[in-house]
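Comments concern the structure below.
The values are calculated or read from the model by the stated rules, or taken from the named source; none is laboratory data. Bear in mind that the values here come from a model prediction, so they are computed numbers and not experimental data. For the accessible areas, the whole protein counts, side chains as well, though only heavy atoms, and no ligand, DNA or RNA atoms are used. Shrake-Rupley method; radii C 1.70, N 1.55, O 1.52, S 1.80 Å.
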Amino acid sequence: MRKASWAAAAAGVVLLVAGCGGEGGSDEGKGSADGSSSAAPAEAGGSLDSATVTKEIADAATAAGFTEKPGDDDIPPALKDCMISWQPDAEKATDSKKSYDDTVATLTKGGWKESQDFEQQGSTIKSLDRNGWTLKASHQGQKGTFVMVQFIATDNGPACEKLFREDLEKNKDS
């Protein structure tokens with residue numbers, strides 16, 4: 001079941017990456033097909049690395065009142081430098097919607113540019129872009145019901161696009 005759900009998530013990421021046409025991003029410091037990484041310095045040559053993106057999301061979210069929810073990390077090793085998934089424990093936040101809005105506001109003040117916004121029936125999804133990365137921030141549900149908040153960032157560079165496509169093909173038959 002996990003492989004199938006990962007393949008579906010990877011397919012969505014490939015569509016997201018393909019839609020960006022490989023603009024921005026950098027091949028430098030990205031994971032290779034064997035899962036190794038050469039971890040480039042943050043923002044070398046104007047692009048971000050996964051550690052920097054993770055820190056920015058974590059800093060903004062924790063300042064807004066979220067704590068990270070421990071969980072299974074289903075991201076394949078080869079994609080660790082191309083994708084970040086940061087999920088807060090929305091139940092521990094005093095007001096998860098306010099914390100979500102504050103996190104997004106902090107990220108936009110920090111240089112992330114909002115490119116899309118979707119709100120419908122208690123769900124909010126915002127797309128933020130910065131230096132070749134796209135961050136999907138989502139808040140679903142309402143206080144007193146099931147609430148799910150996620151921050152998923154992907155590197156849109158050609159090296160990561162190739163790795164996402166390879167992983168999708170590998171898991172297509174699973």
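Stokes-Einstein diffusion of region 49-174 at 37 °C, 0.692 mPa s viscosity, Kirkwood radius from Cα pairs, rounded to a whole number: 216 µm²/s.
Just the protein heavy atoms count here, and of the accessible area of region 86-154 at 1.4 Å, carbon and sulfur take up 48 percent.
Using alpha-carbon pairs under 8 Å, 6+ residues apart, how would you state the relative contact order of region 88-128 in percent?
25
Each principal axis of region 92-136 carries a Cα extent, and these read 32, 21, 14 Å when sorted largest first.
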